[in-house]
């Protein structure tokens, strides 16, 4: 570990906060974003950890994102909590809306959180985990940038459009959580293959002529990623564009990419979350619901199959005990942001 | 077409109704089921058409399904409409609940329909299309029978767990609709490969030892289907077990298969549907939502990619003009049910 530096989780938070604050991000925003970076680093989702601070600063330097705008929440007699992020980063808008989402959900069993006009910075799993911590089932989805072609097509119009789900587990520390891109490969993985000049897996992307390619550069240079699972993944990805783009009167992945105009900032669009109260569904015996879910999980793990996020939860445990280990290269890049 | 017989859509309905009624199914149930069979035959989804009457009669003859129980609806101050099918077939329970689902959704923007204790008979697309006909976005999901192994496992605990989605389109006759099994191959297709002794596609199923196989018989005889899209499809399928099984305090696919105990009846479990009112989401300009969705659809079809269900809609148009063409073999099998 000589090329690594050991930091506590508090140090990760402080470092992230300090950099954001230095670049003019207001205290509430810097705090909300630093918590998300902390979660990413803690769970060893490196691409969502301190590594992202460089892209954050790049986005800030483009001058389009608001560093200080307060999210504006609208509550009415519907079950939809609406938060306008006013072109600031997303985490504070989520923080502001999630309590009200939980409150509404516990009243009527099901509610939605609609976030508009945010520069989206966060994996979706930290958010659905917070919904699970309220004892609720959570779903989250967002468009992204149009890098993915629909099944049967040959140029990109869909985003990597992640979908996340959480199910609270009473007798376990961690909820059942998944969070996956509906693209056949994550954008970050594609970029890593480009940087390291390594071959892509089979059938994840096409070049500008619509032919399957293993060359990451050919994908980035006018080609397109494919959806996971063929036409089914393509249908799901289209659903995510409709639900978290069109339905919210916010940008689709294509419109977000057009707005970015090559600046490689974070995408600017909306996000849609749902919460469900298990105690309102069912037939009045929540213990039966819990037992049924636990039997299902056991029937999966008993045969050696993994539940999603187990690798992340193992990393979390390690990090909570020993802190995290950052590559010295990344750490020195981050230090430069403070100069 | 000499081996086919031409019937009008009314004749399909009448034939289905007559057979169900003969086997003791009450008039409201027979009518609701006959409408679903009509929709299947009309859209050339043969496996959901009159072909199914044989399996229906088989299920009825097992004696477990109620032929007459009235669905019991519970409405309270939550946004969850609950219909207990009381161990009858599902279509009447859906019919009974969907109006109330639409009413609640138009009040608060989002609502759920929980159906319990039904022998599930219906594809999900006719149901989400009815939600779309109310001007609402629809989602539907059910467990089935445990025929599918989770990613990384080697025996079945998940069902084929279909997921359906509909988006209403103002200026088009048909909504945007998808309805797919989360298994890598449909159960009906697997059975067809078995009957015709043809090879399965690559990577859709394993034999009893957990090895990938193209032999349909080896799958049915102690093997298992895989999920579509690897671990992502497996996560989705697990979500469907949780949401439309555990959450409803109804049977998971494993429990439904155990209950069936080899009788090969329709699965007995619950179903979960959601509806969303586009006029309550967004920012008050529904025309913007509609235009955004239509631009997305155009960006898909402009590149030669198909929207889901287009084949079905083309068949529907043909059937509405010319009626349907049933194979004489199937027709004579059905006629035997009337003897």
### Query
Does at least one position in the stretch A:175-187 carry a residue that is assigned to a helix (DSSP H, G or I), buried (at least 24 other Cβ atoms within 10 Å of the Cβ) and at pLDDT 95 or above?
no
#### Entry: In the stretch A:26-48, residue farthest from residue A:317 (Cα to Cα) [restricted to those that are surrounded by 21 or more Cβ atoms within 10 Å (Cβ to Cβ) and touching a strand residue (DSSP E or B) at 6+ places or on another chain (Cβ under 8 Å)]
A:29
### Query
Within the stretch B:312-323, restricting attention to residues that are loosely packed, with under 13 Cβ neighbours inside 10 Å and in contact (Cβ under 8 Å) with a residue 60 or more places away in the chain, which residue is nearest to residue B:123 (Cα to Cα)?
B:320
### Message
Condition first: out of contact with any strand residue (DSSP E or B) (no Cβ under 6 Å at 6 or more places or on another chain), more than 7 Å from every other protein chain (Cβ to nearest Cβ), modelled with pLDDT of 95 or more and over 21 Å from residue B:182 (Cβ atoms). Now tell me which residues in the stretch A:221-246 satisfy that.
### Response
none
### Message
Name the residue that is nearest to the other protein chains (Cβ to nearest Cβ), counting only residues in the stretch B:273-322 that are assigned to a loop (DSSP other than H, G, I, E, B) and under 25 Å from residue B:45 (Cβ atoms).
### Response
B:305
### Query
Restricting attention to the stretch A:281-300, does a residue exist that is over 24 Å from residue B:227 (Cβ atoms), crowded, with 21+ Cβ neighbours inside 10 Å and at pLDDT 95 or above?
yes
### Task
Hey, can you tell me all the residues within the stretch A:65-74 that are part of a loop (DSSP other than H, G, I, E, B) and either touching a strand residue (DSSP E or B) at 6+ places or on another chain (Cβ under 6 Å) or surrounded by 16 or more Cβ atoms within 10 Å (Cβ to Cβ) (or both)?
A:65, A:67, A:69, A:70, A:71
### Query
Among the residues of the stretch B:166-193, how many are under 17 Å from residue B:273 (Cβ atoms) and over 18 Å from the mean Cα position of the chain (by Cα)?
1
### Summary
Just one listed residue, out of A:200, A:192, A:158, is out of contact with any helix residue (DSSP H, G or I) (no Cβ under 7 Å at 6 or more places or on another chain) and either surrounded by 23 or more Cβ atoms within 10 Å (Cβ to Cβ) or free of Cβ contacts under 8 Å to residues at least 60 places away in the same chain (or both), and it is A:192
### Query
When the stretch B:131-161 is examined, which residues are found to be under 16 Å from the mean Cα position of the chain (by Cα), closer than 25 Å to residue A:109 by Cα and within 13 Å of chain A (Cβ to nearest Cβ)?
B:132, B:138, B:139, B:140, B:141, B:143, B:161
### Query
Of A:35, A:82, which residue is part of a helix (DSSP H, G or I) and modelled with pLDDT of 95 or more?
A:35
#### Entry: Unmet requirement for residue B:217, which otherwise passes all of (1) part of a helix (DSSP H, G or I); (2) touching a residue at least 40 places away in the same chain (Cβ under 8 Å); (3) surrounded by fewer than 24 Cβ atoms within 10 Å (Cβ to Cβ)
(2)
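Just name the residue that is modelled with the lowest pLDDT out of those in the stretch A:255-272 that are touching a strand residue (DSSP E or B) at 6+ places or on another chain (Cβ under 9 Å) and in a helix (DSSP H, G or I).
The selected residue is A:260.
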### Message
Among the residues in the stretch A:118-128, are any over 11 Å from the mean Cα position of the chain (by Cα) and buried (at least 24 other Cβ atoms within 10 Å of the Cβ)?
### Response
yes
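Which ones in the stretch A:104-130 are part of a helix (DSSP H, G or I) and within 14 Å of another protein chain (Cβ to nearest Cβ)?
Within the stretch A:104-130, the subset part of a helix (DSSP H, G or I) is A:104-108, A:125-130.
Residues satisfying the conditions are A:104, A:105, A:106, A:107, A:108, A:125, A:128.
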### Message
As an exercise: evaluate residue B:210 against (1) outside any loop (DSSP other than H, G, I, E, B); (2) out of contact with any helix residue (DSSP H, G or I) (no Cβ under 9 Å at 6 or more places or on another chain); (3) within 10 Å of chain A (Cβ to nearest Cβ); (4) farther than 24 Å from residue B:87 by Cβ and give the number of the one condition it does not meet.
### Response
(1)
### Summary
Residues of the stretch A:85-99 being assigned to a helix (DSSP H, G or I) and surrounded by 15 or more Cβ atoms within 10 Å (Cβ to Cβ), in sequence order, are A:90, A:91, A:92, A:93, A:94, A:95, A:96, A:97, A:98
## Note on the structure
Exception for residue A:252 within (1) crowded, with 23+ Cβ neighbours inside 10 Å; (2) more than 7 Å from every other protein chain (Cβ to nearest Cβ); (3) touching a helix residue (DSSP H, G or I) at 6+ places or on another chain (Cβ under 6 Å); (4) modelled with pLDDT of 95 or more falls at (2)
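Can you confirm whether the stretch B:181-189 contains a residue that is in contact with a helix residue (DSSP H, G or I) (Cβ under 6 Å, 6 or more places away or on another chain) and touching a residue at least 40 places away in the same chain (Cβ under 8 Å)? Explain how you work it out, then say what you get.
Step one: list which residues in the stretch B:181-189 are in contact with a helix residue (DSSP H, G or I) (Cβ under 6 Å, 6 or more places away or on another chain), which gives B:182, B:188.
Those still in the list that are touching a residue at least 40 places away in the same chain (Cβ under 8 Å) too: B:182, B:188.
Yes.
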### Message
Taking the condition of being under 14 Å from residue A:127 (Cβ atoms) and within 14 Å of chain B (Cβ to nearest Cβ), how many residues in the stretch A:82-96 meet it?
### Response
2
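Matching residues to (1) farther than 25 Å from residue B:258 by Cβ; (2) free of Cβ contacts under 8 Å to residues at least 12 places away in the same chain:
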position: B:62; (1), (2): no, no
position: B:65; (1), (2): no, no
position: B:68; (1), (2): yes, no
position: B:71; (1), (2): no, no
position: B:77; (1), (2): yes, yes
position: B:80; (1), (2): yes, no
position: B:90; (1), (2): no, no
position: B:99; (1), (2): yes, yes
position: B:103; (1), (2): yes, yes
### Query
Residues in the stretch A:16-34: is at least one closer than 30 Å to residue B:80 by Cβ and under 20 Å from the mean Cα position of the chain (by Cα)?
no
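The values are calculated or read from the model by the stated rules, or taken from the named source; none is laboratory data. Note that the coordinates shown come from a computational prediction; the quantities given were computed from them, not determined experimentally. Please note: Cβ atoms are built from the backbone with ideal geometry, for glycine as well, and neighbour counts cover all protein chains shown.
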